[in-house]
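This report refers to the structure that appears directly beneath it.
The numbers here are math on the coordinates, done by the rules we state, and not lab data. It should be emphasised that the depicted structure is a prediction, and the values quoted were computed from it without experimental measurement. So basically every Cβ, Gly included, is an ideal-geometry build from the backbone, and we count neighbours across all protein chains shown.
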Amino acid sequence: MIYSLLLPIIRMAIRIYFRKIDVIGSENLPKKGAAIYIVNHPSALLDPLVVATLAGRQLHFIAAAEYFGKKIKSWFFQKQFNMIPVYRPKIHTSENVNNDHMFLHCFNTLDNGGVIIIFPEGNSETEKRLRKLKTGVVRMVLGAEKRNGIKVPIFPIGINYTNPHRFQSDVFVSIGKPILLDHRIDPDDKQGVIKQTSIVEEKLKEHIIHIDDEHLETTIQRIEQIFAKQLQQNLGISNKELTRKFTVAKDVINAVEYFESKSPDSTKSIYKIIGKYYKIIEDLPMHGRLLNHINSKRNFSDYLIIIFLFPVFLFGFLVNSIPYYFSSKVFKNKYLKRIKGEDLEHQIRPVFSGSIAFGIGTMFFIVWYILLGIISIVFFPWWWGIIFLFASYWTGYFTLKYLGVLRRVIERSKLKNVTINHPAKMKELILLRGEIIDELKKFSEKYRSKDNKANG
């Protein structure tokens, strides 16, 4: 099956596209038996690919019917990629359609011990919040039990991107324990289904960075940039303690939203200081992320990597720069204007930006590696060609890590130069940063003490 052939390639491509992929809770996923995975949907086609590469089992994907087309295309999606079409009433307004066939297909898949992945928000939006879930998941689980007596667990999976539309961004995936529904409820009991859906929604929300108030999103992102790393250091949280890091990030958001709603005057002063802080950064020849290096010490291993592993970097760069250049050029020339809304006639929703960039890049690299393989086999022994292909991929992967080390060294150097050339403003900036961190610590402590009192 094409699914099985493409999955290792997609897994390698995902590893290249994202700078860092962190996962917690993978031990919760079942090795066998029927299950439903519910996932938030911030980045169109990237979301199912990320989950598929982590699942360890073949998945069956519920996807919007309007993308299936007809005849060969529809057959290909359904038979080769395990995709199940669902008709959305808002899209198919003029057609007399229902989803009875979709439910039947899902019931048969679950009866056979398969895994279905559903994005219960209904459509994809790049937002740091979980939108209201549709009731289909609950109706499917309850229907499966009513039909064949099987109890199907629901596994919540939260995908958290720093920016899914930017190459070499980060992704954090949180996988929860199974949710078991109240199976006394009939799938036709509308109120019972809505209540169970609300419970499922809250469980999924626990696994994503959820910001209720979209107007606070920029402010909270700024606060995270200033405060999260410092708080992790204060609490003695290492970079490997992913669950604690995730909890800290959610605590910061919850604290800000809580005091914004309960005591808005207390947040106005901190917002004012943050505004002043970023105004100074705008006046300086630097990006705010450089300040993450304020307390970091010079790492001589970075310099050793840059010097002694330069030949490996150079090989990886030369071999992989051609498909990278052409895929970037195609994306910018053919799709970027449509995504930005500059070509209204052929406009593409921005949520598809990362998916398109990933797809174009993957196709170019596959074609490029096939050409390299053919050339290698023609002119050299077959085993040499295989070694060359593996070396091309892994040195390309190393090249990205090398550039990350180089970027870190350059940023430290830039910060040092800015500090030397603008001492007064840098001193004010560091004082403001300290003031913001102190205020945010107080917020966090008050919020935690509020929670402790409530639990006590």
Listing K272, K450 by rising number of other beta-carbon atoms within 10 angstrom, fewest first, gives K272, K450
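State the antiparallel share, in %, of DSSP beta bridges confined to the chain, rounding to the nearest 5.
20
Between I410 and K132, 0.36 nm times their residue separation minus their Cα-Cα distance comes to what?
Values: separation 278, 0.36 × 278 = 100.08 nm, distance 4.36 nm.
The I410-K132 span can extend by a further 95.7 nm.
Take each complete run of DSSP H in the chain, measure how far its Cα atoms stretch along the helix's own axis, and keep only those covering 27 Å or more with mean Kyte-Doolittle hydropathy at least -0.5; list them.
Span-like helices, by this rule, are 242-262, 310-330, 353-379, 382-421.
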Treating only Lys and Arg (+1) and Asp and Glu (-1) as charged, each at its beta carbon, one finds that the chain has a dipole about its Cα centre, in Debye to the nearest 20, of 900
Among G361, A424, F155, the residue whose Cα sits farthest towards the positive end of the charge dipole of the chain (+1 at Cβ of Lys and Arg, -1 at Cβ of Asp and Glu, taken about the Cα centre) is A424
Toy charge model, Lys and Arg Cβ at +1, Asp and Glu Cβ at -1: the stretch 301-421 dipole around Cα centroid in debye, rounded to 20, equals 380
Long-range amide H partners of A63, meaning residues 5 or more apart or on another chain whose placed amide H is closer than 5 Å, are I84, V86
Counting only DSSP loop positions in the stretch 123-160, the trypsin sites (Lys or Arg not before Pro) whose Cβ has at most 15 other Cβ atoms within 10 Å are R131, K132, K151
Checking the stretch 188-282 for GluC sites (Glu not before Pro) in a loop per DSSP with at most 16 other beta-carbon atoms within 10 Å yields E206, E241
Inter-part gap, Cα centre of the stretch 294-340 to Cα centre of the stretch 389-453, in whole angstrom, is 20
Checked against the positive end of the charge dipole of the chain (+1 on Cβ of Lys and Arg, -1 on Cβ of Asp and Glu, about the Cα centre), the farthest of I436, V351, N299 is N299
Which of (1) 24, 59, 17, 0; (2) 20, 51, 28, 2; (3) 23, 54, 22, 1 gives P(r) over Cα pairs in 20 Å bins from 0, in percent as computed here? It is (2)
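Going down the list K340/K442; K276/K416; K245/K276; K205/K446; K177/K240, which pairs span over 32 Å between their C-alpha atoms?
Details: K340/K442 41 Å; K276/K416 22 Å; K245/K276 28 Å; K205/K446 23 Å; K177/K240 21 Å.
The pairs that break the limit, which is 32 Å between Cα atoms, are K340/K442.
Can you figure out the FRET efficiency of I420 with R244, using R₀ = 41 Å and their beta-carbon distance, to the nearest 0.05?
My answer for the efficiency is 0.65.
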Between Q80 and D111, the FRET efficiency computed from the C-beta separation at R0 = 30 Å comes out, to the nearest 0.05, as 0.90
Placing each pseudo-label 7 Å from Cα in the direction of the beta carbon, S26 and H287 end up separated by a distance in nanometres of 2.8
Percent antiparallel among DSSP beta bridges confined to the stretch 2-205, rounded to 5, stands at 20
Note on the stretch 301-421: alpha-carbon gyration tensor, axes a ≥ b ≥ c; rule is a/c under 1.5 for rounded, else prolate if a/b larger than b/c, else oblate; result oblate
